[in-house]
1. Convex hull over the Cα atoms of region 75-137, averaged projected area in nm²?
2. Where does each of 96-105, 6-15 land if you order them by average Cβ count within 10 Å, highest first?
């Protein structure tokens, strides 16, 4: 009877049935004078209600829009959960890394003038040591 219904219609029917079973199970609790048969009937109703709830949960999982999408994913994707989470953390930290690298490069560019000065001083020292020193004797 559920074959021609949409998944959401099937879920609605199952919700109504489950609600009815739980109502019956709760109502069965104290109406009979024969305690043994009342307990047995209540246990049976609760068992049916639990089974109905379980069926409903399975139906909802199967009919949810995301389930169809999840089924299209590679089967070994769950095994890669840790790698995916690590990648997410790396991507979240990437903007900070980029700004740190930018600051480092910026500081390096400010140092270029100092490096030119140091380079010039070293060249001067080198050329003065290569000249014959006539004044030292």
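Just so you know, all these numbers are worked out from the coordinates, no wet-lab data involved. For clarity, every value in this text was computed on a predicted model and none was experimentally measured. Heads up, the Cβs are rebuilt from the backbone with ideal geometry, glycines too, and the neighbour counts pull from every protein chain shown.
1. The Cα convex hull of region 75-137, projected and averaged over all directions, gives 8.5 nm².
2. 6-15, 96-105
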